[in-house]
Amino acid sequence: MQNLLDLDMAGLKAWLAQIGEKPFRANQLLRWIYSRGESDFAAMTDLARTFRERLPDVAEIRLPKIVSDKISDDGTRKFLMDVGASNLIETVFIPEADRGTLCVSTQVGCALDCSFCSTGKQGFNRNLTTSEIIGQLWLANQALGFDPAGDRIISNVVIMGMGEPLANFEALVPALNLMLDDHAYGLSRRRVTVSTSGIVPAMDRLREACPTALAVSLHAPNDALRDVLVPINQKYPLAELMAACKRYLENAPRDFITFEYVMLDGVNDSPAQARELVALVSKAKIHCKFNLIPFNPFPGSPYRRSSRERITAFANVLIGAGYVTTTRKTRGDDIDAACGQLAGQVQDKTRRTQHLKVVNEVGT
Ligand code: SF4
């Protein structure tokens, strides 16, 4: 039984050919499923009757299940979704005056273990499938009261939830294609942002396969510190990462990279480190913006959030050097939906959680 949510336009056409159906049915199916939000084949009235009646025997529309839906005081909404075998992932909707942004997960947990990240500490179970990635958008749309004839509620998608998106490349790209396809969600490439910790070869692949806006989790101005905070840096150090960012911009829908920088008190937040950061990106000649993220502490974390004064002083160095710099508002704190707090529930296969438990017990 083929889950149609696993297929983008090209995949759908190939599958239709396999079952002896005409390729134009792919456009119709995408429009029904995504533009109109329909999951019942019987309701897809402009499909030929014979095809419509055949569909339930050969295909299904299978989605994750929303098991909890919490709304924060500031309107941020966090969905917990069940993807089977006691694994739960998180999807967060952030409403703002001029946009509605959905933050989507790509893995159950994350294997990369950045030292400041709550998701990383949960360990890793598996990659999500394309249907589980695009299904988050489908389900959130429905829960938010999607009306096919009305305005978009979700205008932007950031692939910034649980997991490293580029470590799940094969499932990610068809999901991105569905977000962008005019027959499906039809979002602009500028409004879909993939966030990566810097898997250099996959950044090059994304630039070719499906360029979207790009955010890079930088978090440190030099290799010595980044090796500790973002361990993938040991494999793809800053010089390689900067070169990959530059290559990406040659084919990107936006003319800048967003560098994410979590503010950790006394670790990476001094004015001298801000100057080092300026030197790093200016030497590499990268057109970029900075997004400073006040750290969200979680149990067992060794870090503290930088004070407002330190964040302002750090930002002022970047702004003084001519870089657009924003400081992320901490939103959804009361429902653990803030950045770096997405934990879901992960049946960890890495034994990292076991290690963390021991460390915590020793530390108490
Ligand atoms: S910051 Fe991103 S890449 Fe690093 S552990 Fe967390 S989810 Fe994974």
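Every read-out reported here was derived from the displayed coordinates using simple, explicitly stated rules and does not represent laboratory data. Keep in mind that this is a model prediction, so the values were computed, not measured.
What do you get for the angle between helix 49-58 and the principal long axis of the chain? Use alpha-carbon atoms, 0 to 90 degrees, nearest ten.
Between the helix axis and the principal axis of the chain, the angle is about 50 degrees.
I'd like the orientation of helix 200-209 relative to the chain: the angle between its Cα long axis and the longest Cα principal axis, in ° from 0 to 90, rounded to 10.
Taking the Cα atoms of the chain, the angle to 200-209 is about 40 degrees.
Scattering from the C-alpha atoms of the range 2-60 alone, worked out with Debye: what is log10 I(q)/I(0) at q = 0.23, 0.26 1/Å?
Values, matching the q order: -0.93, -1.26.
Quick check on the range 65-363: of the DSSP beta bridges with both residues there, what percent are antiparallel, nearest 5%? Walk me through the numbers before you get to the answer.
On the way: 22 of 45 bridges.
For the range 65-363, the DSSP antiparallel bridge percentage is about 50.
Would you work out the relative contact order for the chain, in percent, from Cα pairs under 8 angstrom that are 6 or more residues apart?
Numbers: 708 pairs, mean separation 65.3, N = 364.
For the chain, the relative contact order is 18 percent.
Would you mind checking which residues have amide H under 5 Å from T193's amide H? H placed 1.01 Å from N; only 5 or more apart, or other chain.
Those lying under 5 Å, H to H, from T193 are V157, V158, I159.
What translational diffusion coefficient, in µm²/s and rounded to a whole number, does the Stokes-Einstein relation yield for the range 173-314 at 10 °C and a viscosity of 1.306 mPa s, taking the hydrodynamic radius as the Kirkwood radius over Cα pairs? Could the numbers behind the result be given before it?
On the way: Rh = 16.1 Å.
Rounded, D is 99 µm²/s.
From the cross-link list K65/K349; K65/K121; K121/K289; K289/K329; K121/K349, which pairs have alpha carbons spaced over 19 Å apart?
With Cα atoms farther than 19 Å apart: K65/K349; K65/K121; K121/K289.
Cα axis of helix 271-284 to longest principal axis of the chain: angle in degrees, 0 to 90, nearest 10?
Here the helix axis deviates by roughly 60 degrees.
Taking the inverse of the average 1/r across all pairs of different Cα atoms in the chain, what Kirkwood radius in Å do you get? Could you put the intermediate results ahead of the total?
Working: mean 1/r = 0.0467 Å⁻¹.
Here the Kirkwood hydrodynamic radius works out to 21.4 Å.
Can you tell me, using C-alpha contacts under 8 Å and at least 6 residues apart, the relative contact order of the range 2-60 as a whole percent? Before the final figure, lay out each step's value.
Details: 37 pairs, mean separation 19.8, N = 59.
Reported as a whole number, the value is 34 percent.
Over the range 141-249, what lengths in whole Å, largest first, do the semi-axes of the equivalent ellipsoid take, defined as the square roots of 5 times the eigenvalues of the alpha-carbon gyration tensor? Please report the intermediate quantities before stating the final value.
On the way: eigenvalues 184, 42, 24 Å².
Over the Cα atoms of the range 141-249, the ellipsoid semi-axes are 30, 14, 11 Å.
Could you run the Karplus curve 6.51 cos²θ - 1.76 cosθ + 1.60 with θ = phi - 60° over the range 102-110 and give me ³J(HN,Hα) per residue in whole Hz, x for Gly and Pro?
For the range 102-110, the Karplus curve yields 9, 9, 10, 8, 10, 9, 8, x, 7 Hz.
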